[in-house]
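Take a look at the structure set out below.
The values are calculated or read from the model by the stated rules, or taken from the named source; none is laboratory data. Source: prediction; values computed, not measured. Reconstructed Cβ throughout: ideal geometry from the backbone, glycine too, with neighbour counts over all protein chains shown. Only protein heavy atoms, including side chains, enter the accessible area calculation; ligands, DNA and RNA are left aside. Shrake-Rupley method; radii C 1.70, N 1.55, O 1.52, S 1.80 Å.
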Amino acid sequence: MGMEARQSGGEPGMLPRLLVEVERAKAAGDASGVAWGLAKVGTFYQTQGKNREALSLFDESLNVFQDLGDKPGEASVSALMGHLLHQQGAWDRALESLDRARGLQEELADRTGLAATLGKMGNAYEGKLEWDQGLRCYQQSMEIKEALGDRVGVALTWNNIGTLRAKTEDWEEALRAYGRSRAIQESLGDRRGLSITLGNMGRVHQQQGEWQEAAECYEKSHGLHEALGDALGDATILNSLGLVRKEMGDLDGAQATYERAIQILRERDDLLRLTVLMHNLAIVHEEQGEYRKALSLLEEVLSLDKRMGNPDLKRDTLVFRRIRRRMSMERDLQAESWGKEPGN
């Protein structure tokens, strides 16, 4: 897909406009405008997945703000850098950058920025598997959000705490945290936040083998994603719901669920996730004894795997061979059975 088609929010010409903004600031001798312009271009590159270019621009912007003694600008760009480094899994560098932002925001009494930065620090500590530090940052972030009356932010932080607890397999505390997030989102009518929380709750129930509870959460989340028009989020939830229905022995329900998710992904040409759904549906067909349908799906999966260089090619090939072998064995047994004399 070309750059024009992928630009921020699908808005064509964004990058040229941002670059013109930087050049105009340079021509006017507006160092602060240059720094903010560089940060905007860096953010644009981040949305395009060009992380190296984004970090370089953030670093250049940060240097200008530091030379100017512009602490609000330095804090903002440090937070941007920290978030991007966190996304890349560079936890220590992310925390270094975020901690710089935190110190400046405390000095500036920027409580809104501080709450957001503490939340990102919690994410980074969680990435490092340093659970206590992560939890402490989330709790500090939530205290500020509660004081600010930011109930949406409080619900989000409870969600983060729930995910941290789930990663440590403290299922009871995870569900308690998600439940608090859910209560706030329901009271606010925050359907998008609620769709995420219900999906997270479903995953905790699924991890514990509580299939009915998981299915109920996924079904509610699916309904919200569908109402919001979030097709890709809906496909993800439908995949989880299909897995749960299969575990409950509802193979017809699992099949219908996977087929709906596959339709969504085909319409959006999301080939990588499409192979996952088709693989899962093939397994359902295998359990239903519909081997030809399973093999037909897997033939398409293997073709897509090869085209994309998907590392799942080996796994999918093994499943294809297993089902083909199983079909052949059952066909041979049938033929042998038909060849016997009655009573023998």
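Modelling each spin label as a point 7 Å along the Cα-to-Cβ direction, I'd like the Asp250/Lys306 distance in nm, to one decimal.
3.8
Starting from the Cα-Cα distance between Trp131 and Arg315, subtract it from 0.36 nm times their residue separation and give me the gain in nm to one decimal. Walk me through the numbers before you get to the answer.
Numbers: separation 184, 0.36 × 184 = 66.24 nm, distance 3.34 nm.
The span from Trp131 to Arg315 would gain 62.9 nm if fully extended.
When the Karplus curve 6.51 cos²θ - 1.76 cosθ + 1.60 is applied with θ = phi - 60°, which whole-Hz ³J(HN,Hα) does each residue of region 66-83 get, with x for Gly and Pro?
Ordered by residue, 3J(HN,Hα) equals 5, 4, 7, x, 8, 5, x, x, 4, 5, 5, 6, 4, 5, 4, 5, x, 5 Hz.
For region 50-114, divide the Cα radius of gyration by the Kirkwood radius and give the resulting Rg/Rh value with two decimals. Please list the in-between numbers first.
Values: Rg = 11.3 Å, Rh = 11.7 Å.
With Rg and the Kirkwood Rh in hand, the quotient comes to 0.97.
May I ask you to work out the translational diffusion coefficient for the chain at 37 °C, viscosity 0.692 mPa s, via Stokes-Einstein with Rh from the Kirkwood sum over Cα pairs, reported in whole µm²/s? Walk me through the numbers before you get to the answer.
Values: Rh = 23.5 Å.
So the translational diffusion coefficient is about 140 µm²/s.
Going Cα to Cα from Lys145, which aspartates and glutamates come in below 15 Å? Please leave out same-chain ones fewer than 8 positions away.
Glu106, Asp110
Modelled label-to-label distance, Glu146 and Lys293, 7 Å Cα→beta-carbon offset: nm?
Reported label-point gap for Glu146 and Lys293 is 5.2 nm.
Helix 191-207 versus the longest principal axis of the chain: what is the Cα-based angle in degrees, 0 to 90, to the nearest 10?
Result, in degrees: 50.
Relative to the longest principal Cα axis of the chain, at what angle does helix 91-108 sit, 0 to 90 degrees, rounded to 10?
Relative to the chain, helix 91-108 is tipped by roughly 40 degrees.
Of Lys120/Lys220; Lys120/Lys167; Lys167/Lys314; Lys26/Lys71; Lys220/Lys246, which ones are farther than 23 Å apart at the Cα?
Values: Lys120/Lys220 28 Å; Lys120/Lys167 17 Å; Lys167/Lys314 29 Å; Lys26/Lys71 20 Å; Lys220/Lys246 18 Å.
Violating the 23 Å Cα-Cα cut-off are Lys120/Lys220; Lys167/Lys314.
Please list 3J(HN,Hα) in residue order for region 212-218, calculated via the Karplus relation 6.51 cos²θ - 1.76 cosθ + 1.60 where θ = phi - 60°; whole Hz, with x for glycine and proline.
Those phi angles translate into 5, 5, 4, 4, 4, 5, 5 Hz.
Report the Stokes-Einstein translational diffusion coefficient (µm² s⁻¹, integer) for region 114-228, Rh taken as the Kirkwood radius over Cα pairs, at 37 °C with viscosity 0.692 mPa s.
Details: Rh = 14.2 Å.
My calculation gives 232 µm²/s for D.
At a 1.4 Å probe radius, carbon and sulfur cover how many percent of the accessible area of region 135-249? All intermediate terms of the calculation are to be shown ahead of the outcome.
Working: 2430 of 5290 Å².
About 46 percent, which is the carbon plus sulfur part of the accessible surface.
Quickly work out the Arg331-to-Gln87 label distance, labels modelled 7 Å from Cα along the C-beta direction, and quote it in nm with one decimal.
4.9
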